[in-house]
Amino acid sequence: MIYILPLLSVFAGYLIATFLKPSSSTGFKLLLSFSGAYLLAVTIFELLPEVYLNGTNEVGIFIMLGLLLQIILEFVSKGVEHGHLHQQEGMDKFPLLLLVSLSIHAFLEGFPMDEGDHILHGVVIHKIPVATILSVFLIHSNLSRIKVGLFLTIFALMTPLGSFFKSQFSLLQEISIYINALVIGIFLHVSTTILFEASKNHKFNISKLAVIVGGILLAYFI
């Protein structure tokens, strides 16, 4: 399932972008808030205790490196990982740098998915709105359908590829604690950015509060 579900999540995002036109949908924004809350809770409840229990104090350095890495990646990706991607009218060149940035993010998030179903579900729930926003951007560009399909296929394969590499190379398994710490930093930045933006302008929104609390509780009890 760690190979299939991430692929299906990208396909689901493409279908949502194609048929539901979610860019201004309140329901889609709520899904994004839920995904951020769930990902943050899973990171704190599952991944963070695990790396400190089995690693050394140096894992804190790798967590900070992961956070900084995500900031750097977002200079290129323009924040699609947490729900933003500004449309570039008339874009007809293949966005290679965007693909590289998102691929690095997706590849790394595949490493901790064998730690438990919670991590897998967190990545999948996070990936659906990301794939939706990315699909909307690509569909409304001047790229051909072949290029759009190639972009989304490569992006979809990167997370399973990260899981596969970890399972096949003993060196990656030996340093998995530190890679997981790197991923924690990435997840912390992405999820907290989603939640902060969900409360933009400090306006109280009971619906967003409910889905955020629901995401946290679901991650805790399931």
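The values are calculated or read from the model by the stated rules, or taken from the named source; none is laboratory data. This one's a predicted model, so the numbers in the text were calculated from it and none came from an experiment. Here the Cβ positions follow ideal geometry from the backbone for every residue, glycine too, while neighbour counts run over all protein chains shown. Surface accessibility is based on the protein's heavy atoms, side chains included, excluding ligands, DNA and RNA. Shrake-Rupley method; radii C 1.70, N 1.55, O 1.52, S 1.80 Å.
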TODO: Determine the dipole magnitude for the chain: charges of +1 sit on the beta-carbon of Lys and Arg, -1 on that of Asp and Glu, nothing else is charged, the reference point is the Cα centre, and the result goes in debye to the nearest 20.
DONE: 840
Task: Difference of contour (0.36 nm per residue) and Cα-Cα distance, M64 to M1 - done: 19.7 nm
Task: Binned Cα-Cα distances of the chain, short to long, each 10 Å bin given as a whole percent - done: 8, 35, 38, 17, 3, 0
TODO: Would you mind getting the accessible area per residue of the chain, heavy atoms of the protein chains only, 1.4 Å probe, in Å²?
DONE: 51
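Would you calculate a helix-derived [θ] at 222 nm for the chain, using -39,500 (n - 2.57) for each DSSP H run of n ≥ 4 and dividing by the full residue count, to the nearest 500?
-24500 deg cm²/dmol
First measure r as the distance between the Cβ atoms of F45 and K93, then evaluate 1/(1 + (r/R0)^6) with R0 = 41 Å and state the FRET efficiency to the nearest 0.05.
Details: r = 42 Å, r/R0 = 1.03.
Efficiency, from the Cβ-Cβ distance: 0.45.
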Open item on the list: Please report, ordered by residue number, every helix of the chain (full DSSP H runs) that is 30 Å or longer along its axis going by C-alpha atoms and whose mean Kyte-Doolittle hydropathy reaches 0.0.
Closed with: 117-139, 145-168, 176-198
Task: Computed accessible area, K29, all protein chains, 1.4 angstrom probe, square angstrom - done: 100
Task: Values of log10 I(q)/I(0), in the order q = 0.14, 0.15, 0.17, 0.25 Å⁻¹, for the range 146-222 under a Debye, Cα-only, solvent-free model - done: -0.78, -0.85, -0.95, -1.08
Task: T56-T192 FRET efficiency (beta carbon distance; Förster radius 25 Å; 0.05 resolution) - done: 0.50
